[in-house]
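Step one of this worksheet: look at the structure below.
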Amino acid sequence: MSDYKTDDEKVEDLKNWWKENGTSVMAGIALAIGGLFGWQYWQDYQANTATEASALYAKVDKASATSMDQAKINIQTLQNDYASTPYAAIASLKAAQQYAEKGEYEPAATALRWVIDNSKEDDYKHLASIRLARVLLAMKKVDEALTLTKQTYPAAYQALLDELQGDIYVAQNKPTEARAAYDKAMVGAAGNASEVIKLKRDNLGTGT
């Protein structure tokens, strides 16, 4: 018997193979095509979502300068419909800052807690936690504020945390702990921030 098949035999073998495997091959092709279009759809959806969220944030940025009531409506929309985008967190941080500057600490704390609970970005969560601690200090909730500063943060935030802990210890009438915290903060701080911390430290005296 010859080791070589005729063309007719090869065609027949191909037909038989296709009968056995054709369905799975077509299914694989369909899945690949579906996956390609599904991925493209997801990318388009993500891009559209980011564009819409960016436009809303621009409205927040513009409205917050004149009317927080209008800004709040857009912030609420960002939080409800675009929570997965960074714009929702940024808008909430901005709102919290403006509330705090007006002495409206409750809504400031609410906005910051939203970032902590919902943001997908750790940096925004860390920043919101530190700012919340400062807001809580202003609300005289010093123990809760101190607890927030004791969480784990990246090294880049350490000087801010040390200074904030110093402020909290001052509020708790613990000058020794406050001096130690300010001393640590001055090591990591730079420029004007270091000068401000030094003034706070000097106001406490030597402690001897």
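Just so you know, all these numbers are worked out from the coordinates, no wet-lab data involved. Note that the structure is a prediction, hence the values are computed from the model and not measured. So basically every Cβ, Gly included, is an ideal-geometry build from the backbone, and we count neighbours across all protein chains shown.
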Problem set entry | Sequence of Met186, Met68 once ranked by neighbouring C-beta atoms within 10 Å, starting from the fewest | Met68, Met186
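For the stretch 94-208, what is the relative contact order in percent, using Cα pairs closer than 8 Å and at least 6 residues apart in sequence?
On the way: 118 pairs, mean separation 18.0, N = 115.
Relative contact order for the stretch 94-208 comes out at 16 percent.
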For this session: Any of Lys150/Lys184; Lys120/Lys184; Lys140/Lys200; Lys140/Lys174; Lys72/Lys94 with alpha carbons more than 22 Å apart? Name them for me.
Result: Lys120/Lys184
Problem set entry | Ranked Glu52, Glu106, criterion: other C-beta atoms within 10 Å, fewest first | Glu106, Glu52
